[in-house]
Amino acid sequence: MKKSIEASGKTVKDAIQSGLAELGCTLDEVETSVIDMGSPGLFGMFGKPAKVRLTVKEEDHSFDIEMPVFTLDQPAQQGGGKKRGEKKRREEPKAEAAQPEKAEEPKPKKEPKPRNRKEKEKREEPAEPKAEPVTVAAPAEPAAPFVETPEEELSDTAKRARDFLSGLTERMRVPAQIAVSDGSENLRMVLSGENMSILIGRRGETLDAIQYLTSLNVNRGREDYLRVTLDTENYRAKREEALRKLAVRMANRAKKSGRRVALEPMNPNERRILHSALQNDPDVTTHSEGEEPYRRVIITLK
């Protein structure tokens, strides 16, 4: 039975690359069919991913024909009988060639008997199979706890960011309560309410788009850059854990196949998580290839 999977991506090309990475195959080893062309949406929101189906081609054994082997010691057989008038020659008995005397084969050396019981048990024990290298992700950096800043201590910048975000979610018809942690270099906001999955979107793309728009609004006219981070339902921590598991799984695949593994395109923060997870692995190394927004992580053997 052919092995077949469905894969998705921002474009048909991304979906095919994602499926090839999951199967560990090249494009000429699979049959490709497009299920859905997808649509980009607006600012990465409400977009529809492209979907394809990849089926691994079966190996063709129709040409695996066993060819006859000819050697100089085997004369080719010719058809037809003997010619008329050809006399049979008496086969003279051939003198038996003197066979050389067989050289005495050296007797195998006997292993010395074990001196004690421990040595005997050690000889009888089978050799342990060599264990394959297994990837272990580097420990994640502990995240700073979220501490909400009281209303009276919020800066004008934090209030403006909260008001912008509140208006944006209301226009999306997904009203949310917003808690703010006002820092000098980082402004963190956590959204809560119903239907938060709409604000997260596919693999966090909608949440990243809202975070980007809020950051543009906050840093407009500022001399120093203020980092803005949005989260809801602890999505950021869950996504990081999923990416770290993905990094380990793909690194083990690279070790087993001996080939490099290309992951799907990701944003800079997600690529940083993958690089960090495999930074201490002695057998693989990681780097990024491509241009934004299609830049992806590549895992190769050292």
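The values are calculated or read from the model by the stated rules, or taken from the named source; none is laboratory data. Remember, it's a predicted structure, so these values are computed and weren't measured experimentally. Methodologically, a virtual Cβ is constructed for each residue, glycine included, from the backbone with ideal geometry; neighbour enumeration extends over all protein chains shown.
Number of residues in the stretch 271-287 that are of a type outside the set (S, T, N, Q) and not in a helix (DSSP H, G or I) equals 6. Determine whether GLU151 is loosely packed, with under 12 Cβ neighbours inside 10 Å and modelled with pLDDT of 90 or more. Yes.
Go through the residues of the stretch 245-258 one by one and say whether even a single one is without any contact (Cβ under 8 Å) to a residue 40 or more places away in the chain and either outside the structural domain of GLY9 (by TED's automatic domain parsing) or not in a helix (DSSP H, G or I) (or both). Yes: one or more hits.
Here's the yes/no breakdown for (1) surrounded by fewer than 16 Cβ atoms within 10 Å (Cβ to Cβ); (2) under 28 Å from the mean Cα position of the chain (by Cα); (3) farther than 22 Å from ASN267 by Cα; (4) outside the structural domain of LYS48 (by TED's automatic domain parsing):
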residue	(1), (2), (3), (4)
SER184	yes, no, yes, yes
VAL190	no, no, no, yes
LEU207	no, yes, no, yes
GLN211	no, yes, no, yes
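Tell me yes or no: at least one residue of the stretch 281-292 is of a type outside the set (S, T, N, Q), under 30 Å from SER155 (Cβ atoms) and either in the same structural domain as ASN186 (by TED's automatic domain parsing) or crowded, with 19+ Cβ neighbours inside 10 Å (or both). It would help to see each step written out before you state the result.
Step one: filter the stretch 281-292 for residues of a type outside the set (S, T, N, Q), giving 281-284, 287, 289-292.
Restricting the remaining residues to those that are under 30 Å from SER155 (Cβ atoms) gives none.
No, the stretch 281-292 contains no residue that is of a type outside the set (S, T, N, Q), under 30 Å from SER155 (Cβ atoms) and either in the same structural domain as ASN186 (by TED's automatic domain parsing) or crowded, with 19+ Cβ neighbours inside 10 Å (or both).
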